[in-house]
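Asker: Okay, here's the structure, questions in a sec.
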Amino acid sequence: MKQFKSFIGYFFRDELPIKHRLVNVILGSALLVQFPSLLVTVLVDTEIQGIIGQIFIIVVITVVLYLTNKFPESPIPAIVISTTANIIIFPILFFMVGGSGTGIILWMLFGAIFTWLLVDIKWSIIISVICFIMFEGCLHIEKVYPQTVLRLATREDEIMDTSVAFILVTVVFGLIFKYQSYVYEKQNASLKANDEALRNLNEKLEETNVRLESANAAKSSFLASMSHEIRTPINAVLGMDEMILRECDDKQILEYANDIDSAGHQLLSLINDILDFSKIESGKMELHPVEYELFSVMNDCYNMIFMRAKRKELIFKVENDPDIPAFLYGDEVKIRQIIMNLLTNAVKYTKDGTVRLIVGFERIDADNINLKISVKDTGIGISEENQKFLFNSFQRIEEKSNRNIEGTGLGLSITKKFAEMMNGDIGVESRLYEGSTFFVTIPQKVADKGTIGSFSDRLNRRNERTEGTDADSRGTDKRDKFTAPHARILVVDDVKMNLNVVRLLLKNTGAQIDLASSGEECLKFTMMKSYDVILMDHMMPIMDGIEALHRIRQQGDGLNVDTPVVALTANAIVGAQEMYIEEGFVSYLSKPVKSTDLEECLLKLLPEDKIIREGDSDE
Ligand code: ADP
């Protein structure tokens with residue numbers, strides 16, 4: 001029984017196309033029909049030709065059934081079955097088993113309809129037309145040459161044959177339609193099951209997505225707090241170190257302090273890189289376009305790189321097209337960071353020779369230019385096969401030879417992302433052991449029609465002026481020196497070390513400084529004394545800096561309702577500056593605070609009559 005089932009199952013397996021299975025149904029039914037039909041033919045005692053004809057049909061059907069299942073993909077069996085049945089077998093049967101008065105007419109109709117079920121439309125039309133011609137031909141020949149038709153013995157036999165044909169054709173049709181609707185329902189059920197499975201999968205994907213998003217948010221908040229946690233101690237280290245650099249005369253100790261300073265700044269730039277990277281990754285990095293002076297950007301980069309290049313005894317040159325518009329509109333901070341990243345790398349990966357910054361432009365129209373920045377070095381270079389990995393995150397090239405050079409492999413990928421954010425482009429040309437040139441093109445708006453002039457000429461002129469006015473200056477500290485002994489400043493921070501750092505950084509100004517180690521203490525001070533400036537940390541336990549600021553503003557008859565409050569914080573995440581300004585702070589200084597930034601900020605905020613500039617005191 002099992003074997004019989006699997007034998008039948010073989011003809012109706014799911015991987016067979018539905019048309020093919022129908023062919024099997026037809027052939028199977030035809031075989032089933034042919035055996036009783038043969039029996040009837042024998043019983044009604046027809047001529048021997050009739051019996052031979054029926055046996056011939058059984059053999060043909062079996063062969064076709066075999067071939068069809070041997071080559072299941074081929075459309076040929078269906079066409080062959082259709083044509084042989086309609087054009088050969090049925091017309092022969094017409095003449096052999098009684099002509100139009102018998103069941104053969106029903107079989108011919110059955111064959112014609114089946115053609116449409118089995119083969120494609122083109123073949124259906126062709127076969128049907130031939131079928132019709134054959135059918136009409138058979139009837140015509142029967143009418144004109146009745147002797148060509150082998151009649152059944154009696155009229156009863158004819159009626160019997162027609163009845164048997166009627167029953168069999170009905171059964172075969174019924175079977176086919178039933179089988180078709182069974183397949184259709186089965187397919188429908190499996191589609192529904194697939195649908196359900198897809199819906200489940202979708203739900204799972206959505207869940208995973210939510211989990212991923214929350215993991216990403218957790219990563220961002222981890223990075224933000226990590227930056228805060230690391231910046232706070234670095235603030236203390238660099239601040240204290242600066243005091244040593246300012247106040248110590250011992251050469252050896254100064255050397256140690258210089259090392260601490262450079263390692264501290266390296267650590268800081270590493271944290272900044274990781275933060276920038278995470279901001280870019282989470283799509284939170286935004287552009288902040290402003291009007292800026294290109295000379296000032298180039299000058300900042302020059303100042304920052306000059307000493308590093310000098311320490312490695314490299315020649316550092318800046319060249320520019322003097323016709324570049326002097327004032328541009330774009331994201332100044334990111335442009336500075338792009339130039340700094342490329343220059344830092346050039347100095348890092350060059351042992352001797354020259355590092356060049358070349359700034360040019362290409363006019364797009366009257367109001368827009370393409371700013372073209374190239375950084376050229378005579379360093380270790382990058383092999384051609386490594387150049388394609390250059391802008392990948394966390395990928396360092398020539399790791400073996402570079403292992404003594406610190407880096408994270410993030411700088412160039414950040415630089416590329418910045419350039420792309422500004423609709424710009426970055427590229428490299430390099431030869432191993434000969435040097436590299438990185439070029440960046442960034443579209444910028446022109447803010448002013450004036451031109452920048454030659455950078456080196458302007459630099460030389462400025463240096464001459466500085467030397468003329470400040471004979472003592474060794475070019476290291478170009479700060480606007482001032483004191484403010486009558487100024488009253490309140491510093492609020494929950495970390496004692498940070499309070500000390502700010503106090504020491506402000507020591508030279510001679511200002512009167514109060515230190516509060518919590519929001520509550522700050523409120524007590526502000527009730528008692530009026531301050532010129534308040535420097536306020538953000539993250540403090542119990543009452544944070546923002547709440548403290550709001551409370552100061554609400555103090556009835558308060559002495560400091562209008563005092564400018566500066567956020568002094570290690571929070572360096574995206575949009576921090578905007579957030580602090582929105583909360584009511586006048587400005588924002590990120591830790592570790594540089595004494596220059598702090599002094600610059602005070603110069604802006606302190607009342608002019610409380611500031612004594614260096615020149616003023618001599619008068
Ligand atoms: P890193 O922090 O390692 O410097 P970057 O993304 O800035 O990361 O650079 C990726 C790699 O590209 C570096 O590790 C270095 O191998 C190579 N590279 C970058 N700039 C230069 C250059 N000017 N000369 C030679 N190799 C460079």
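Asker: Within region 507-520, can one find any residue that is of a type in the set (A, V, I, L, M) and within 30 Å of D300 (Cβ to Cβ)?
Answerer: Within region 507-520 (the criterion being of a type in the set (A, V, I, L, M) and within 30 Å of D300 (Cβ to Cβ)), the answer is yes, since at least one residue qualifies.
Asker: Just to verify a result, which residue in region 428-437, among those that are surrounded by 19 or more Cβ atoms within 10 Å (Cβ to Cβ) and hydroxyl-bearing (S, T, Y), is nearest to A346 (Cα to Cα)?
Answerer: S436
Asker: Restricted to region 259-271, and to residues that are within 15 Å of the ligand (Cβ to nearest atom) and open to solvent by less than 50 Å² (accessible area, probe 1.4 Å), which residue is farthest from the chain's Cα centre (by Cα)?
Answerer: Among residues in region 259-271 that are within 15 Å of the ligand (Cβ to nearest atom) and open to solvent by less than 50 Å² (accessible area, probe 1.4 Å), the one farthest from the chain's Cα centre (by Cα) is L268.
Residue-by-condition table, conditions (1) near the ligand (Cβ under 8 Å from one of its atoms); (2) modelled with pLDDT under 90; (3) surrounded by 12 or more Cβ atoms within 10 Å (Cβ to Cβ):
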{"residue": "Q395", "(1), (2), (3)": "yes, yes, yes"}
{"residue": "E406", "(1), (2), (3)": "yes, yes, yes"}
{"residue": "G411", "(1), (2), (3)": "yes, yes, yes"}
{"residue": "M422", "(1), (2), (3)": "no, no, yes"}
{"residue": "I426", "(1), (2), (3)": "no, no, yes"}
{"residue": "K445", "(1), (2), (3)": "no, no, yes"}
{"residue": "G450", "(1), (2), (3)": "no, yes, no"}
{"residue": "S454", "(1), (2), (3)": "no, no, yes"}
{"residue": "R461", "(1), (2), (3)": "no, yes, yes"}
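Asker: Moving on. Condition check: within 18 Å of the chain's Cα centre (by Cα), near the ligand (Cβ under 8 Å from one of its atoms) and either buried (at least 16 other Cβ atoms within 10 Å of the Cβ) or modelled with pLDDT of 75 or more (or both). Does F391 satisfy that?
Answerer: Yes.
Asker: Considering only residues that are surrounded by fewer than 20 Cβ atoms within 10 Å (Cβ to Cβ) and touching a residue at least 12 places away in the same chain (Cβ under 8 Å), look in region 363-380 and name the one that is farthest from the ligand (Cβ to nearest atom).
Answerer: Checking each candidate, the answer is A366.
Asker: Quick one: how many residues across region 518-543 are part of a loop (DSSP other than H, G, I, E, B) and surrounded by fewer than 16 Cβ atoms within 10 Å (Cβ to Cβ)?
Answerer: Counting residues in region 518-543 that are part of a loop (DSSP other than H, G, I, E, B) and surrounded by fewer than 16 Cβ atoms within 10 Å (Cβ to Cβ) gives 4.
Asker: While we're on this one: Within region 274-312, which residues are touching a strand residue (DSSP E or B) at 6+ places or on another chain (Cβ under 8 Å) and farther than 20 Å from I373 by Cβ?
Answerer: Matches in region 274-312: K310 only.
Asker: Please note which helices (runs of 4 or more DSSP H) are completely contained in region 63-150 and include at least 2 residues that are open to solvent by 60 Å² or more (accessible area, probe 1.4 Å) and at pLDDT 90 or above.
Answerer: It comes to 121-144.
Residue by residue, here is whether (1) touching a residue at least 24 places away in the same chain (Cβ under 8 Å); (2) of a type in the set (A, V, I, L, M) holds:
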site	(1), (2)
A516	yes, yes
F525	yes, no
V533	yes, yes
D544	yes, no
R553	yes, no
G556	no, no
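Asker: Checking the conditions here, which among K317, K351 is assigned to a strand (DSSP E or B) and within 16 Å of the ligand (Cβ to nearest atom)?
Answerer: The unique qualifying residue is K317.
Asker: Does I339 satisfy being touching a helix residue (DSSP H, G or I) at 6+ places or on another chain (Cβ under 6 Å), closer than 23 Å to E420 by Cα and within 16 Å of the ligand (Cβ to nearest atom)?
Answerer: It is true that I339 is touching a helix residue (DSSP H, G or I) at 6+ places or on another chain (Cβ under 6 Å), closer than 23 Å to E420 by Cα and within 16 Å of the ligand (Cβ to nearest atom).
Asker: Modelled with pLDDT of 75 or more and open to solvent by 30 Å² or more (accessible area, probe 1.4 Å): does that describe L38?
Answerer: The answer is yes for L38.
Asker: Out of everything in region 272-289 that is hydrophobic (A, V, I, L, M, F, W, C) and away from the ligand (no atom under 16 Å from the Cβ), what residue ends up being most open to solvent (accessible area, probe 1.4 Å)?
Answerer: Looking at residues that are hydrophobic (A, V, I, L, M, F, W, C) and away from the ligand (no atom under 16 Å from the Cβ), I get L287.
Asker: From V359, V440, grab the single residue that is β-branched (V, I, T), at pLDDT 95 or above, within 16 Å of the ligand (Cβ to nearest atom) and surrounded by 14 or more Cβ atoms within 10 Å (Cβ to Cβ).
Answerer: V440
The values are calculated or read from the model by the stated rules, or taken from the named source; none is laboratory data. If you're wondering where the values come from, they're calculated on a predicted model, not measured in any experiment. Cβ atoms come from the backbone with ideal geometry, glycine included; neighbour counts cover every protein chain shown. Surface accessibility is based on the protein's heavy atoms, side chains included, excluding ligands, DNA and RNA. Shrake-Rupley method; radii C 1.70, N 1.55, O 1.52, S 1.80 Å.
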